[in-house]
Structures are given as structure tokens and as C-alpha cells.
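Everything below concerns the one structure shown next.
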Amino acid sequence: MRIMRSFLLFVGVMLLQWWWNTHLAYWGAAPQFLLALTVLIAARRGSVTAMLIGFAWGIFVDTLRADLFGANALLYTVAGYWAGMARKQIDLRAMGPLAAVVFILSWGYTLMIGVVGLVFQKSFLWIGWVPALLTPFLNALTASVAAVVWEAWGEP
């Protein structure tokens, strides 16, 4: 039963990410459910599980955009690793620290996607001011809500 719930979560969040970005993004600003949940999984299950799931979710996001294939897989994997390492020093089961780590990793993701673009496309891939300023807040809110749901439904 746990495997089925985990699989439904895995696929459901991918569909939610696609649907939200397609229909509800405001000037390009939308929560990155997959990044926020990768950090949440790292906080609950550890870095190895988060890295594997983050890599798979990153490949999914990379298939939605053809410009830097592999960049999201790399950055989601790194986010899972760093959040898993941060969990050893910070209590990421508490909502405040979890939201702060997601906020910081969201800013890091925004900057690193630009750097990856600079390395491979010879230009800094800038997502725009509105998404750069709003998305970390939306991701922190997403992680907080997901943590509450995770605890209410029991860990999948």
C-alpha cells in the first residue's frame, strides 16, 4: 500500500506541476512543487531518496523545456542532497526551518539555472524579475502546506 501511495504522489505532483504552470502561472511565477517536495522528502526520508526522486522529477521538467536538457535533473538532485545534509544540522520537521531552507534553495536554483545556461548556451538564463522574486516565497508556502498534508495523511 505504501508503494502505491508513493507512486501516486510521484505521478500526481508531476501532473500538478504541469497543470499549474500551464494554466495558473502569473507572469511566469508559479510554485515549483517538484523542487519544494524534493526538499520535503529530503527532510523526511534523507538525501539518497530525495536525490533519486529529484533526479526523476528533474528529467520530467527537462522534457517540458528543450533548452537545457538535464539542468533541472542536476539541480533537483543537488537540492535533495543539500536538504538531506541540512537535515543533520537543522530540524527540518519544523515548518519554519523547512520553509527557510526551501526559500534559500529556490534562490540557489534560480541562480544556478542561469549559470548552467551561461556555461552551455553562452548566455545567463534569466527567468525574469517577477518569477525570481515571487517563486521562492511560493515554494516556501508550498513546502509548508505539503508538510502539513504529509503529517495529516501519514507518511507515504
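Taken together, the values in this text are just the output of simple stated rules run on the coordinates, not laboratory data. Quantities reported herein were computed from a predicted structural model and do not represent experimental measurements. Methodologically, a virtual Cβ is constructed for each residue, glycine included, from the backbone with ideal geometry; neighbour enumeration extends over all protein chains shown.
Data overview
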quantity: Leu92 being crowded, with 22+ Cβ neighbours inside 10 Å and farther than 16 Å from Val13 by Cα; calculated: yes
quantity: Selected residue (only one of Ala132, Ala94, Ala152, Ala143 is touching a residue at least 40 places away in the same chain (Cβ under 8 Å) and either more than 21 Å from Trp57 (Cα to Cα) or within 15 Å of the chain's Cα centre (by Cα) (or both)); calculated: Ala143
quantity: Candidates Val116, Val101, filtered to the one that is part of a helix (DSSP H, G or I), out of contact with any Ser or Thr (no Cβ under 9 Å at 6 or more places or on another chain) and surrounded by fewer than 19 Cβ atoms within 10 Å (Cβ to Cβ); calculated: Val116
quantity: Looking only at region 1-38, and only at residues there that are small (Gly, Ala, Ser) and either assigned to a helix (DSSP H, G or I) or touching a Lys or Arg at 6+ places or on another chain (Cβ under 6 Å) (or both), the one that is surrounded by the fewest Cβ atoms within 10 Å (Cβ to Cβ); calculated: Gly12
quantity: Condition met for Gly84 (touching a residue at least 24 places away in the same chain (Cβ under 8 Å) and either more than 22 Å from Leu16 (Cβ to Cβ) or surrounded by fewer than 17 Cβ atoms within 10 Å (Cβ to Cβ) (or both)); calculated: yes
quantity: Residues of region 86-98 classified as touching a Leu at 6+ places or on another chain (Cβ under 8 Å) and not in a helix (DSSP H, G or I), total; calculated: 1
